[in-house]
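Take a look at the structure set out below.
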Amino acid sequence: MPLRKLFSMILSILLVAGMLSGCFATATTRSEPPAGQREGIAPTAALLPIENTNDPELADFVAEHLVDCLETRNVLRFADQEKVALQVKTAGVDLQRTFGLSDAQYRQLAAALKVDYVIDGIVTVRKTLSLAGWRKDVDLYMHIHRATDGKKIDSWRSMTDFTFTSTETALDAEKMAQSAANHLCAKMLEARF
C-alpha cells in the first residue's frame, strides 16, 4: 500500500473519531462536592504554587478553587499564598524538578510556614481537535506531605479526558479545570490525614 494512501486512510479514521467524540458530549461536568463540613479544627496546610508550563493563569484558578473548596468544608486551613510564594523563593527550591522536592525541603517549608502539611501539584491542559473546536482537557495531580518528616502521605489525580460534557464546557479550559478541581476536592474530602 503506498504511503500516501495509508496516510489518507489514517487521517480519515482520525476525522471520524473526532466527529464521534463531539457527538456524545452531552452529560454534565463534575459539580461542587457536598457542602457539609468536618467537625473540629482543621489542620493547616501550605499549597505550593501549582506548576503549569502552558497556562499559569489556569494554575492560579485551580489553586484558588481548590483552596476555597477545602476551606469551606473545614478540611484544611491554608497559609496565605503570597507568604508561601515568598518562602519558596527565599528557600530557593525549584518547583519544576522532575521528581519534586526532597523530604527535607518539604519539612523545611512546613516549619517556616508553621503548617501541618505541604501540598504541591501539577496541572496540564491537552488540546484535541473536535468538530466543535479544540477540546481542552485538564489533568490535575496533587500530593500532600506531612510537616514532621516531609514524607508524601497521599496523592490524588483528576483527568477530564473521559468526562462527557457540553461542547461549551469542553472548549473552555477554565470550566474543565473547575470540574477537575471539584473532583479532586471530593477525593480529598474522603481522605483522612
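Values in this text are rule-based calculations from the coordinates and carry no lab data. What you see is a predicted model, and the numbers here were worked out from it, not measured in a lab. Quick reminder, even Gly has a Cβ in these numbers, built from the backbone with ideal geometry, and neighbours come from all protein chains shown.
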Task: Set of aspartates and glutamates with alpha-carbon distance to residue 114 below 17 Å, sequence-local pairs under 8 removed - done: 80, 82, 103, 149
- [ ] List, largest first, the extents of the alpha carbons of segment 107-173 along their principal axes, each in whole Å.
- [x] 51, 18, 15
TODO: Order the peptides 169-176, 55-62 from the highest to the lowest mean number of other Cβ atoms within 10 Å of their residues.
DONE: 169-176, 55-62
Task: For peptides 79-87, 109-117, sequence by mean Cβ density within 10 Å, most packed first - done: 109-117, 79-87
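What does the charge count around residue 116 come to, taking other residues whose C-beta lies under 11 Å from its C-beta (Lys +1, Arg +1, Asp -1, Glu -1)? Numbers along the way, then the final one.
Details: positive: 77, 114, 146; negative: none.
Every neighbour counted, the sum reads +3.
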- [ ] Would you mind getting me the FRET efficiency between residue 149 and residue 126? Use the beta-carbon distance for r and R0 = 41 Å, nearest 0.05.
- [x] 0.75
Open item on the list: Please give me, ordered by residue number, the chymotrypsin sites (Phe, Trp or Tyr not before Pro) of segment 136-183 that lie in loop per DSSP and have at most 11 other Cβ atoms within 10 Å.
Closed with: 162
Task: Fewest-first ranking of 153, 41, 119, 50, using other Cβ atoms within 10 Å as the exposure measure - done: 41, 153, 50, 119
Open item on the list: Within 9 Å, Cβ to Cβ, of residue 95, how many net charges do the neighbouring residues add up to if Lys/Arg are +1 and Asp/Glu are -1?
Closed with: -2
TODO: Amide H neighbours of residue 45 under 5 Å, at least 5 residues apart or on other chains, H built in the peptide plane: list them.
DONE: 77, 78, 79, 116, 117
Open item on the list: On a full-extension model of 0.36 nm per residue, what is the gain between residue 81 and residue 161, subtracting their alpha-carbon distance, rounded to one decimal in nm?
Closed with: 25.9 nm
